[in-house]
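A short reminder: the numbers here are calculations on the coordinates, not readings from a lab. In this text the structure is predicted, and so the values were computed from the model without any measurement. With ideal geometry, Cβ positions are generated from the backbone for all residues, glycine too; neighbour counts draw on all protein chains shown.
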Amino acid sequence: MSQLVFDPNKVMDIDYTKRTEYLDGLEAIKAAHKVLKEITYTPSRPDKGYTNRTLYVNVDTLEITEKPVTQQMKDVFIGGRGFGLFHLWNAVKPTTRWNDPENEIIISPGPICGMTQYAGTGKSLVVSLSPQTDIPIDSNVGGYFGPLLKFSGFDALELQGKSDRDIILFIDGVKGIIRIEEAPTDPVDSHVLAEVLTHMYAEDEADLPNISVVSSGAAAEHSLIGMLNFSFYDRRRGCVRFKQAGRGGIGTVFRNKRIRALVCRGPKVTGDLNHPADPETIAKTGIKYHKEIRENDGTQCMMRRNGTAHIVEIMDAYDLLPVHNFQFGSHPDVHKIDSAYWQQRLTQHTVDGCWYGCSMACAKGADGVVLKTGPYQGHMVTVDGPEYENAAGLGSNCGVFDPDYLLELNFYCDTYGICTITYGTLTAFVMECYQRGILTKERTGGLDMTWGNAEADLEMMHQMARGIGFGKIAGMGVKKMKEYFIRNGYGDPQLINDIGMENKGLEYSQYMSKESLAQQGGYALTNKGPQHDEAWLIFMDMVNKQIPTFADCVMRSSLVILMPVVAVNRST
């Protein structure tokens with residue numbers, strides 16, 4: 001694509017529909033597909049949030065069957081994560097490992113998924129055994145796939161087995177067709193693959209928003225930190241965008257099963273497809289909810305303007321922003337990647353959001369990004385984000401304060417299928433090891449992994465995507481890198497273990513927890529490892545001061561002891 005001069009006020013002048021380098025070979029790719037299995041079924045819509053059936057697909061035996069949703073599942077395992085853990089429990093044995101055929105990937109949209117009256121209801125949960133932790137992992141994700149799966153008739157999708165060839169699973173919730181196809185020539189990187197498949201399976205231009213693609217990327221094939229991209233079609237930009245199920249390496253499981261992509265074609269979305277039990281109350285409460293977001297967001301969360309990146313400067317101000325592998329909590333260059341910058345760089349004159357009706361609209365996009373490196377050098381792309389975790393992890397934690405490089409790191413993580421949180425933390429670990437002499441140019445294959453060296457950072461990522469060089473070692477993740485460095489005598493084992501920020505094999509998400517016992521405890525006690533969606537106590541503790549200190553607890557304990565004495569004295 002031509003390298004247009006970026007003007008955030010003229011984003012609609014960029015014609016993203018002319019992606020000829022991606023779509024010219026569409027017919028040849030389509031012709032190479034071979035149908036391996038096809039069945040018909042009767043689509044259904046949810047009733048009170050449930051379709052009361054799930055879809056099971058074995059990519060090895062090509063079995064496609066339906067399973068009932070029991071009342072016990074709805075009572076005890078309510079929600080997307082609950083359904084996922086229920087199916088995983090019944091699928092695996094104590095000896096099952098992540099790359100065994102019986103390991104499953106379960107995608108489950110919960111009972112409120114797809115409602116257009118509330119923000120965040122496009123979410124679904126993905127559950128599997130993790131390549132990084134060897135225990136169950138779950139990751140929540142936006143995009144259209146979860147709601148379209150629900151509206152196509154299924155409360156969950158189970159994927160089991162291991163194919164001997166690359167396959168596409170296509171669910172047509174309009175015509176009632178489920179098909180497994182061999183996909184021998186499809187591209188692997190998500191931003192190309194999702195564009196191709198969205199156009200391939202849509203009936204016409206109007207049908208493009210009814211298609212959602214789940215895919216990963218080249219790095220997921222050569223690392224343990226692969227993630228999944230869930231697509232949504234942006235009508236205004238005329239291109240496919242993504243939300244990510246990032247943590248724990250589920251994208252690696254996906255590619256290990258030789259699944260190239262999942263494609264769901266759902267019905268045209270309307271406001272009543274979820275069929276809630278009390279639509280009148282839902283509508284009334286939803287109006288109030290949207291009004292509060294519109295009136296308060298500009299002075300509180302600023303999601304509609306900056307997405308989650310608005311908290312970069314807040315974390316920096318409270319000494320909670322991870323800098324240089326969590327060594328420090330703030331940095332004088334943070335203004336280069338804080339909200340003041342992103343307000344200028346992220347496109348503001350369009351409606352953002354990764355599901356219909358979401359007035360929070362935090363799925364911000366940076367348009368007109370011209371890539372400087374890698375296989376897509378010179379291409380103009382839209383980069384989703386950066387989210388706070390990406391700005392902090394790929395940015396400050398690695399000393400990268402150049403916003404253009406931060407966006408490029410963000411883009412390649414997405415299209416290669418790399419978890420941005422994991423990559424940021426593992427790169428920061430590599431850079432501190434380089435700082436302390438644990439790693440050298442000889443040991444990194446010539447990569448100068450000094451703080452802020454974005455070129456070397458990107459080269460390590462490109463190597464990871466190709467499965468070569470030091471990038472392949474980095475793709476093992478922090479825990480296995482620590483073991484590798486210690487085994488090869490690279491440095492003091494205690495120091496290596498101390499500076500490798502992981503627990504249970506999962507890399508820390510991007511919050512400085514040194515001064516917050518609540519956050520430290522939360523990171524250590526979470527079921528899946530140090531991930532903020534299970535333990536986001538840092539704001540309550542360090543910013544809003546809502547958690548008592550030890551001194552407060554001692555004082556309160558003393559008051560409790562003294563209160564009876566005071567009462568006696570007053571009575572006398």
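Annotations for the structure displayed:
- Cross-link pairs exceeding 31 Å between alpha carbons, from the set Lys162/Lys480; Lys37/Lys472; Lys243/Lys480; Lys257/Lys482; Lys268/Lys372; Lys67/Lys528: Lys37/Lys472; Lys268/Lys372.
- On full extension, the segment bounded by Lys336 and Glu295 gains 11.9 nm, given 0.36 nm per residue less the C-alpha separation.
- Cα-projected label distance for Gln344 with Phe550, points at 7 Å along beta-carbon direction, nm: 4.6
- Over the chain, dividing the summed -39,500 (n - 2.57) contributions of all DSSP H runs of at least 4 residues by the number of residues returns a 222 nm mean residue ellipticity of -9500 deg cm²/dmol.
- Electrostatic tally near Lys67: other residues with Cβ closer than 12 Å to its Cβ, Lys and Arg +1, Asp and Glu -1, net -3.
- The chain: relative contact order in percent, alpha carbon pairs under 8 Å with at least 6 residues between: 14
- Rel. contact order, % - alpha carbon contacts under 8 angstrom, at least six apart, segment 227-271: 32
- Inter-probe distance in nm under a simple model that places probes 7 Å from Cα toward Cβ, at Leu62 and Glu102: 2.5
- Separation in nanometres of the label points that stand 7 Å from Cα toward Cβ, at Asp278 and Arg466: 6.0
- 3J(HN,Hα) from dihedral phi, segment 387-401, Karplus parametrisation 6.51/-1.76/1.60, rounded to Hz, x for glycine, proline: 5, 4, 4, 6, 5, 6, x, 6, x, 4, 5, 9, x, 9, 10
- The chain shape via C-alpha gyration tensor axes, a/c threshold 1.5: rounded
- DSSP beta bridges fully contained in the chain are about 85 percent antiparallel.
- Length gained when the stretch Asn90-Ala524 is fully extended (0.36 nm per residue, less Cα-Cα span): 153.5 nm
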